[in-house]
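Working notes, structure below.
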Amino acid sequence: MGNTKGGQMRKEITIKSIAGLGKEGGRITDTKIRGFVARCLPSGKIQFGLQYGSREQRRWMTIGLLGEISIAEARRRAEELRGEISAHHDPAAELKTAAARAEHSVNHVLDRFLDIYVAGENLRSAAAYKQCFANHVRPAIGSKVIYDLKRADVMKILDKVAEQYPRSAHVVLARLRKAFNWWQLRDEEFHTPFVRGIVKNRSKPRSHVLTPEEISDVWRALDELEHVPERFAAYVKVLFLTACRRCEVADMHTDEIDGNTWVIPASRYKTKVDHVVPLIPAIKKLLPECKDGFVFSTNGGKRSLKGFAIPKAMLDAKIAEIRKREHRKPLPAWRLHDLRRTARTLMAQIGVDRDTAEAVLGHVNGGVEGVYNRHKYFVEKTDALTRLASLIDGIVRPPQPNVVPIKRAKRAASSPA
């Protein structure tokens, strides 16, 4: 058949007929397969496709470019698509849906969760969430479509983590489950693959409390320690004397200190409320001089103290050296956070009441009491920390016994017989 309006022709699509599509916009509609089209693109390339649907709602399904596929291959694909249409499928709409689904990968969900929830809530654990996903989740299932995710996919991740780091599997589970539950609230088509009991929590709550001997060893080692980041020794001692968490002391800033009071802002405190710490003399004398910036910084206050693993390992080595030369057994494994637990235990031993000790730790009362009891316990906390510091000082610097050696009197010479 001849040319039609707009350069459109109806004839069988062949090598010979395609050769006539020399100008932009020219197209041939095949006479054998309904809707099978070859058209010339602005680039001059020939594209095959299938057009179908009513006049009011035309749909186009791209098949491929000449050169990438042959006319015979394009024709076979057109026949397959016609078969799908006859079976009441809509290939173009299904492809569009599939593309939309593919955009909702696990990586996409994790990115949204980090950007909207984690960043929006200003979580202190933001870096831990990001690292957890990067190390354990993204390499395994990051590119997987969220709707195609199976429980087995998640179990493989958790089993692998449990083999290498038995105590960490439940942490990965908790963080990934939180992300998926968050997404499930926003996407009706997604259902989280997690169920109760998907992984057994193999971790045990830590209960190590340092003995007086161990406290003394830590203090002695800090005084002897060399070749570690400046101010690390003072940092560890303040960590113990304030009973605060590791990052709270490491990020101490001069803007948070007013005289003898240090206020850790809610934005970086676990309970999301300001935590007031009395800076008693024993603590204040340990604080490095800093006019403006991070107190325990190693570069003039511009950056907070980071990287605890190496100096902590050097501290452990120094403790081991002290114990070895004194022919004592090695110190059991301990963490910096054990100092907080030890401080709480020592306060109980010296009679600090429970409410005051919990206030020192920054724990928030729950229930009705938490709503109505707004007492800040500043005076009580000052007294508790003063008594704690006195006890620790007595442990690390025990008083020397006041013993005066008695000189032996010379024996009188024997009288001659």
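Here are some notes:
- Verdict on Lys237 being more than 21 Å from Glu380 (Cα to Cα), modelled with pLDDT of 95 or more, of a type outside the set (S, T, N, Q) and surrounded by 15 or more Cβ atoms within 10 Å (Cβ to Cβ): yes
- Scanning the stretch 35-51 for residues that are out of contact with any Pro (no Cβ under 8 Å at 6 or more places or on another chain) and not in a loop (DSSP other than H, G, I, E, B) gives Phe36, Val37, Ala38, Arg39, Cys40, Ile46, Gln47, Phe48, Gly49, Gln51.
- Total residues in the stretch 317-345 satisfying the condition of being among the acidic types (Asp, Glu) and surrounded by fewer than 17 Cβ atoms within 10 Å (Cβ to Cβ): the figure is 2.
- Selection of the stretch 34-68 for residues being in contact with a Phe, Trp or Tyr (Cβ under 9 Å, 6 or more places away or on another chain) and either over 19 Å from His88 (Cβ atoms) or of a type in the set (Ser, Thr, Tyr) (or both) yields Phe36, Val37, Ala38, Arg39, Phe48, Gly49, Tyr52, Thr62, Ile63, Gly64, Leu65, Leu66.
- Residues satisfying the stated conditions in the stretch 61-75, i.e. surrounded by 13 or more Cβ atoms within 10 Å (Cβ to Cβ) and either part of a helix (DSSP H, G or I) or of a type outside the set (Ser, Thr, Tyr) (or both): Met61, Ile63, Gly64, Leu65, Leu66, Ile69, Ile71, Glu73, Ala74, Arg75
- Failed condition for Leu331, given (1) within 23 Å of the chain's Cα centre (by Cα); (2) in a loop (DSSP other than H, G, I, E, B): (1)
- Residue satisfying condition, being assigned by TED's automatic domain parsing to the domain that holds Leu225, out of contact with any Leu (no Cβ under 9 Å at 6 or more places or on another chain), over 29 Å from Ala357 (Cα atoms) and not small (Gly, Ala, Ser), within set Arg268, Arg328: Arg328
- When residues in the stretch 104-148 are screened for being in a loop (DSSP other than H, G, I, E, B) and modelled with pLDDT under 90, 8 of them pass.
- Test: residue in the stretch 157-173 that is surrounded by 13 or more Cβ atoms within 10 Å (Cβ to Cβ), over 30 Å from Ala266 (Cβ atoms) and of a type in the set (Ser, Thr, Tyr): yes
- One residue alone among Lys291, Lys306 is within 23 Å of Glu121 (Cβ to Cβ), surrounded by fewer than 17 Cβ atoms within 10 Å (Cβ to Cβ) and not aromatic (Phe, Trp, Tyr), and that residue is Lys306.
- Residue pairs meeting the criteria (Cβ under 6 Å; at least 6 apart or on separate chains; first assigned to a loop (DSSP other than H, G, I, E, B), in the stretch 149-170; second surrounded by 18 or more Cβ atoms within 10 Å (Cβ to Cβ)): Ser168/Val161
- Qualifying residue in the stretch 108-130 (condition: on the phi < 0 side of the Ramachandran plot, more than 18 Å from the chain's Cα centre (by Cα) and in contact (Cβ under 8 Å) with a residue 24 or more places away in the chain): no
- Test: residue in the stretch 42-49 that is over 53 Å from the mean Cα position of the chain (by Cα), at pLDDT below 90 and loosely packed, with under 15 Cβ neighbours inside 10 Å: no
- Taken as a whole, the stretch 82-99 holds no residue that is in a strand (DSSP E or B), of a type in the set (D, E, K, R) and surrounded by fewer than 13 Cβ atoms within 10 Å (Cβ to Cβ).
- Residue tally, condition loosely packed, with under 15 Cβ neighbours inside 10 Å and assigned to a loop (DSSP other than H, G, I, E, B), over the stretch 262-276: 5
The values are calculated or read from the model by the stated rules, or taken from the named source; none is laboratory data. Keep in mind it's a predicted model, so treat the numbers as computed, not measured. Every residue, glycine as well, gets a Cβ built from its backbone with ideal geometry; the counts of neighbours run over all protein chains shown.
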